[in-house]
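What follows is one structure encoded as structure tokens, with my remarks underneath.
The values are calculated or read from the model by the stated rules, or taken from the named source; none is laboratory data. Since the structure is predicted, the reported quantities are computational estimates derived from the model, not experimental observations. Neighbour counts are summed over all protein chains in view; Cβ atoms, including those assigned to glycine, are modelled from backbone coordinates with ideal geometry. Calculation scope for accessible area: heavy atoms of the full protein, side chains included, ligands and nucleic acids excluded. Shrake-Rupley method; radii C 1.70, N 1.55, O 1.52, S 1.80 Å.
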Amino acid sequence: MGFTPEVYKLFEDIVGPENVSDDPAVLDSYAFEVLADLVRPEQSHYMPRPVAVALPGTTEEVQALVRVCNVHRIKVKPLSTGWYHFAAPQSDEHDTLQLDMRRMDRILEIDETNMVAVIEPYVIAAQLQAEVMKLGLNINVTGAGASCSILASACAYAGQGPMAYWMGGNAENLLALEWVTPTGDVVRTGSLGSGAGWFAAEGPGPSVRGVCRGTFGSRGGMGVYTKCAIKLCHRPGTTEWNVHGTTPAYRLPVDDLFRVYTLAVPSWDAWADLYYKIYDNEIGYIFHRQFNLAGANLAPAFWLMYNDHTKTLGDVEWMAQDPAVKELTEEMRISFQFIMAGRSTGDIELQDRVLDALLQQVGGWKVERFCEDDMAEFTNMYLQRLGHKHINYVWAGGYVGTWMQIGTPDWVKNYIPIASAGLERDAADGLLVQCGGDAMMGSGSGFPGGGVTGLEQFVSYDANDLESTRAAVRHMEDAVKDAASHGLPPGKEGLYLELSKTDEQVHAELAAANQPAIFRFQRKIKDAIDPNDIGDRLYATLPPEG
Amino acid sequence: MALIDYRPDAMRCTRCSYCKWVPLDLVKSWRYAKGCPSVEHGRFHSYSGGGRLITYLSLLDGRSEVTDRVVDIAFKCQLCGNCDVTCKVCRYDMEPLAAQHEFRFWLVEQGRVPTRYESIIDGYRRRGTMVGDPNTLVGDPQSDGLRWARDLRVKDLNTDRGEVLLHPGCRFSYDGGLGPVARTSLEILQEAGLDVGVLGAGRCCGGRVYHMGYRDDFTTAAEATLAAWEAAGVKTVVTLCADCYHTFKRLYAERGSSVEVVHMVEMVARLLAEGRLEFTEEVPLTVTYHDPCHLGRQGEPYVPWDGVEKKIFGQAVVYDPPRPRYNGAQGIYDAPRDVLRAIPGLELVEMERSREAAWCCGAGGGVREAFPEFNAWTAAERVEEARSTGADAVVSACPWCERNFLDALRGPRGGDGTGVAAPFQDSGVAAAPAGRGVAAPGVTAAADAPFQVFDVLDLVRQALPRKGA
Ligand code: SF4
Ligand code: SF4
């Protein structure tokens, strides 16, 4: 059992020899993944190497490949755009076939009336957004940004982001789905399952969104999603995409029905109050604490540098010392970005008046420099498209998000000082980027209409420096301890660190989780749907019983 | 630099895959979002800019060996630079394009090159030009490369001295199917009163062998050319070819040349702005402009740098002194457009992928020479995009792009002219397909004329006052 030249020939017969490879260098381009260095032995940048990579072009080809893998007990790991270590094979002990879904890259349908798009895995957010915007519609581009697969965000990952406040997270926006299960069966969910089209996730056909996604998303561990329908939403204003400007700081003119602001408050209490008031008053379109990813001490200098194409990263050092920039740094120390869209001139003007009143109530203000035309257009571009997410890695190619426990603003504000102090402490020896203890970034709301939020600490390290990389690992471990000492569960770092653990450790942690019943139930699902265990452990379960 | 010097770039690559697309902010449709011909054709991640970094990292780490597939990965890429632009939208510490060049140098040193390379480089060494390889190219290697200047009085800088050199490049010298662009340029420069001369046939800038990975052959060509310029007292070189432009502007400058380098479209824009040239004739065409990679995003001026990496704020990677940032921000985009907009009756429409986000014509990086099918596929993709604008013609400022588009329109073995991708086989015959902008001034395409290909100078020629009028 396992991978052999004969099995390779079977793969070739299914997808054609040009669409399969077992060349070690080609395979390493799939094993190499960002964040691998934080979880692999000796800080290797490589996840386990697949035995082969295949590029299926149709659902039938996916099915056929999966069936061969069932016969030969080869694990199957699909990726769409493939960013992060989750997308790579997870097991050193088992052979894994990597499926690169890039040949399945079509938008199959845009149903303007019912506000539904049907897509294949390799349609990235930028493509779908560009097409639906022509119709006055929009999608939720997730926090991972415009380069990522919308299908993956909806079917296999958390799927939230700055636009979830208005549009909902993509786990919610997922409608009907075509799913090749780990045994190679095709399940068509929701309305598709009863031949009624793509419009609904939960019937009249089978409703298995919770089953195939799992809690956080199956992250490629539970079969292959080959097509899905995604809910669209309204985008007021122009249907044009009039981007302009000089690379890298492209700009999008602010439509008359839009307002683009950077808002600041004097304290974290005021921050939480303002978030609640924004939720309660139902204003806003895109709601995100974005620019602070560069750190509260450096963010203004960094973004002003970025917006001047004649400057480069080293200029941030002296710019941060400029008295005017220092003043700006204090002015926007606790700030976030907020875009409002009105359905009419009256609507946007009302939202403006409401926002002014709310700011007055909490003692907040608009950060003037970042609301001037150049920065407003840049902010508008950045947050509407989310095409700069790779800037997370700008300092030195290494970034890991820690914290990000999601809850009410009041709850989140309580961990911000802990997270800030933790980064300050762990960066003190200079092995992590020192940009101010607060490099916390995150969506104004994880759900439409508001209610809960979360902030992620941006921890930057040099991915080409072993000591720096090890410092990032130590920081992740420290963050888990810091959280635990305050009675909090692990944040994102816990999810990442899971990949460095043995099966036994992972199972023990899931058994000790607050709601282990979920993982017991997911075990039953896995036993039923993946009897040959060709998925990987990213579909989280307790161990097999007995 | 050596390949090992680019190990940090690979280690800091995040596999984000931005390099497979045009800058994401510029995506305006599903159809024209993709930016990397290599990965769209080769499909596996290794064929992207980031994928190549990982490929050589794997080799350097001893995890894999140089196989035929690895050679294919390294060389089946136009070195068009889209990956460089898109990576640098978010990064200041990455040089994916320079790293890919270095990967090729490294493989050439080991003698690991694509099968066709040996005969191509052999032909180059014999003829001193890339044009005329019977395998891959139209053009007549036996012809006199100065035929285009016949009947014109022009200084020969092999024997004379002059401050301004007109360098048409191999393709305009030898490819008769590309029309009188060189001749028109010479006439314009002479009428502007410039002390212009030419250096005769057979002087290849060496850029194309550099891109194929033959650094030593390039150095030989560069040294010979620079010596000839020096002997002739050349202070300014005006070129018609984007490849030559980049080679002179960046690669020669890197080797110490201080000769001013100007593309002919910049010269025409300059003469128009100074009122030394005027357009009087209507050219009633709708055209779209194709930015050649080496004039557009790679056409930025050379900035000397001899520095080191250092860290600020603990771990942020910067360079001391600041490293020049080649990211396409300062390429030559406006001059050709200004010239086209100044032509009476002409309407300029844009393709979705333009300026720093332009899709490559397909010809660069040795691809036209070594991978004809990939070359033709890439060109056909661009022709299709150009046609989608509703334009009558695609205009460029580089003979390699124009030759590639003409071949794509002609289709395989004479094809149907639709420009749809199909296996390509060059006939090896010089051709001037119908619709090439070689008609007399004032003569323009009929309404039902096939899609056409022009050089900017073709249209300039049509717009100039008629002689004797
Ligand atoms: S080369 Fe740059 S853009 Fe491409 S994957 Fe690597 S980091 Fe991303
Ligand atoms: S240079 Fe062009 S063809 Fe080559 S990898 Fe970069 S984008 Fe692709």
Scanning segment B:261-290 residue by residue, the ones that are touching a Phe, Trp or Tyr at 6+ places or on another chain (Cβ under 6 Å) and within 27 Å of B:Glu385 (Cβ to Cβ) total 1
Is it the case that B:Gly35 is more than 24 Å from B:Val66 (Cα to Cα) and more than 7 Å from chain A (Cβ to nearest Cβ)? yes
Can we say B:Tyr174 is at pLDDT below 95, hydroxyl-bearing (Ser, Thr, Tyr), under 23 Å from B:Ala397 (Cα atoms) and open to solvent by less than 50 Å² (accessible area, probe 1.4 Å)? yes
Would you mind stating whether A:Ala196 is modelled with pLDDT of 95 or more and out of contact with any strand residue (DSSP E or B) (no Cβ under 6 Å at 6 or more places or on another chain)? no
Condition broken by A:Thr239, with the remaining ones in (1) within 22 Å of A:Ala376 (Cα to Cα); (2) open to solvent by 50 Å² or more (accessible area, probe 1.4 Å); (3) touching a strand residue (DSSP E or B) at 6+ places or on another chain (Cβ under 8 Å) satisfied: (3)
Among the residues in segment B:103-113, are any more than 16 Å from ligand 2 (Cβ to nearest atom), in a loop (DSSP other than H, G, I, E, B) and at the interface with another protein chain (Cβ under 9 Å from one of its Cβ atoms)? no
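Quick one: how many residues across segment A:427-451 are of a type in the set (A, V, I, L, M) and open to solvent by 30 Å² or more (accessible area, probe 1.4 Å)?
Of the residues in that region, 2 qualify.
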Scanning segment B:65-92 for residues that are open to solvent by 10 Å² or more (accessible area, probe 1.4 Å) and among the basic types (Lys, Arg), the one nearest to ligand 1 (Cβ to nearest atom) turns out to be B:Lys76
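Could you tell me whether segment B:1-8 includes any residue that is touching a His at 6+ places or on another chain (Cβ under 6 Å) and open to solvent by less than 10 Å² (accessible area, probe 1.4 Å)?
For segment B:1-8, residues touching a His at 6+ places or on another chain (Cβ under 6 Å) and open to solvent by less than 10 Å² (accessible area, probe 1.4 Å): absent.
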In segment A:501-510, anything touching a helix residue (DSSP H, G or I) at 6+ places or on another chain (Cβ under 6 Å) and open to solvent by 60 Å² or more (accessible area, probe 1.4 Å) is listed as none
If you go through segment B:313-370 one residue at a time, how many are within 20 Å of B:Asp25 (Cα to Cα), within 16 Å of ligand 2 (Cβ to nearest atom) and out of contact with any Gly (no Cβ under 8 Å at 6 or more places or on another chain)? 4
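Based on this model, can you work out whether B:Thr236 counts as open to solvent by 50 Å² or more (accessible area, probe 1.4 Å) and out of contact with any helix residue (DSSP H, G or I) (no Cβ under 8 Å at 6 or more places or on another chain)?
no
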Checking the condition away from every other protein chain (no Cβ under 13 Å) and charged (D, E, K, R), which residue from A:Arg251, A:Arg213 passes? A:Arg213
If I ask for residues that are facing chain A (nearest Cβ under 7 Å), of a type in the set (Gly, Ala, Ser) and in contact (Cβ under 8 Å) with a residue 12 or more places away in the chain, which ones from segment B:38-65 would you list? B:Ser46, B:Gly51
I'd like the full set of residues that are among the small types (Gly, Ala, Ser) and within 14 Å of ligand 1 (Cβ to nearest atom), limited to segment B:93-124. B:Ala98, B:Ala99
Is there any pair linking a residue in segment B:2-20 that is more than 7 Å from every other protein chain (Cβ to nearest Cβ) to one that is basic (Lys, Arg) and not in a loop (DSSP other than H, G, I, E, B), with Cβ under 7 Å and at least six apart or on different chains, and which? B:Lys20/B:Lys34
Go through (1) touching a residue at least 24 places away in the same chain (Cβ under 8 Å); (2) buried (at least 21 other Cβ atoms within 10 Å of the Cβ) and name the single condition B:Pro284 misses. (2)
Could you list, in sequence order, the residues of segment A:476-493 that are part of a helix (DSSP H, G or I) and either among the aliphatic types (A, V, I, L, M) or under 15 Å from A:Arg40 (Cα atoms) (or both)? A:Met476, A:Glu477, A:Ala479, A:Val480, A:Ala483, A:Ala484, A:Glu493
So which residues in segment B:1-50 are within 9 Å of ligand 2 (Cβ to nearest atom) and under 13 Å from B:Glu95 (Cα atoms), if there are any at all? B:Cys19, B:Gly49, B:Gly50
Taking the criterion of being among the acidic types (Asp, Glu) and open to solvent by less than 20 Å² (accessible area, probe 1.4 Å), would at least one residue in segment A:87-110 satisfy it? yes
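Looking for whichever is at pLDDT below 95 and open to solvent by 30 Å² or more (accessible area, probe 1.4 Å) here; the options are A:Ala540, A:Ala513, A:Ala484. Which one fits?
A:Ala513
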The strands (runs of 3 or more DSSP E) lying entirely within segment A:223-336 that contain at least 2 residues which are among the aliphatic types (A, V, I, L, M) are A:224-231, A:258-264
